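Below is one structure; the comments refer to it alone.
Just so it is clear, none of the values below were taken in a lab; they were calculated from the coordinates. Fair warning: this is a prediction, and the values are worked out from it, not measured in the lab. All Cβ positions, glycine included, derive from the backbone under ideal geometry; neighbour counts span all protein chains shown.
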Amino acid sequence: MVGRVIGLALLLAGIVAAGVEIVTLVGSGQYQMLSFGDLWSRLHANSLVGLQALIEKNLSETAFLDVVVPALALPLWPTLGGLGLILFLIALRPRRRKSVFGRRL
C-alpha cells in the first residue's frame, strides 16, 4: 500500500515536472531541462551547500564531484516518472498469503 502511494506520488511529480518544462518551452520558445540540482537549489540552496560540505568532510573531497554532481544533473521528469512507475508496478504485484495449519488465509 505504501509503495503504491509513494510510486504514484513520484509518478505525478514527474508529470508535473514535464508540464513545467512544456510551459517553459511554450512561453520562451527555448527548451530548458530541469534537473534534480535545479529543483533542489530553487527549493533550498543552503541545504545543497550543506550536503556538499558534509560529504567532502566525512567521505572525500572528490566523492561529491564524482557521485553526487552527476546524480544532480539527471533530468527531473523522466527520472521521477520512471522511478514512480517502477515502484508502483512492483507494489501492484499480488502478495502470497501465508497459510496457517494448511489453510490459506
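Which of rounded, prolate, oblate describes region 35-74, given a ≥ b ≥ c as roots of the alpha-carbon gyration tensor eigenvalues and a/c under 1.5 marking rounded, otherwise prolate only if a/b is larger than b/c? Working shown, then result.
Values: a/c = 4.14, a/b = 1.39, b/c = 2.97.
Here region 35-74 falls in the oblate category.
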Point to revise | Degrees between helix 36-58 axis and first principal axis of the chain (Cα, 0 to 90, nearest 10) | key: 90 degrees
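Using helices alone, I'd like the mean residue ellipticity at 222 nm for the chain: each DSSP H run of four-plus residues gives -39500 (n - 2.57), total over residue count, nearest 500. Walk me through the numbers on the way to the answer.
Working: 4 runs with 71 residues, N = 105.
Mean residue ellipticity at 222 nm (helix-derived): -23000 deg cm²/dmol.
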Check your understanding: So for the chain, taking the charge dipole from beta-carbon charges (+1 Lys/Arg, -1 Asp/Glu), which of Leu92, Val16, Thr79 sits furthest toward the positive end?
Key -> Leu92
Exercise for review: Could you tell me which of rounded, prolate or oblate describes the chain, using a ≥ b ≥ c as the square roots of the eigenvalues of the alpha-carbon gyration tensor, with rounded for a/c under 1.5 and, failing that, prolate when a/b is larger than b/c and oblate otherwise?
Suggested key: oblate
Point to revise | About the Cα centre, charge dipole magnitude for the chain (Lys/Arg +1, Asp/Glu -1 at Cβ), debye | key: 1300 debye
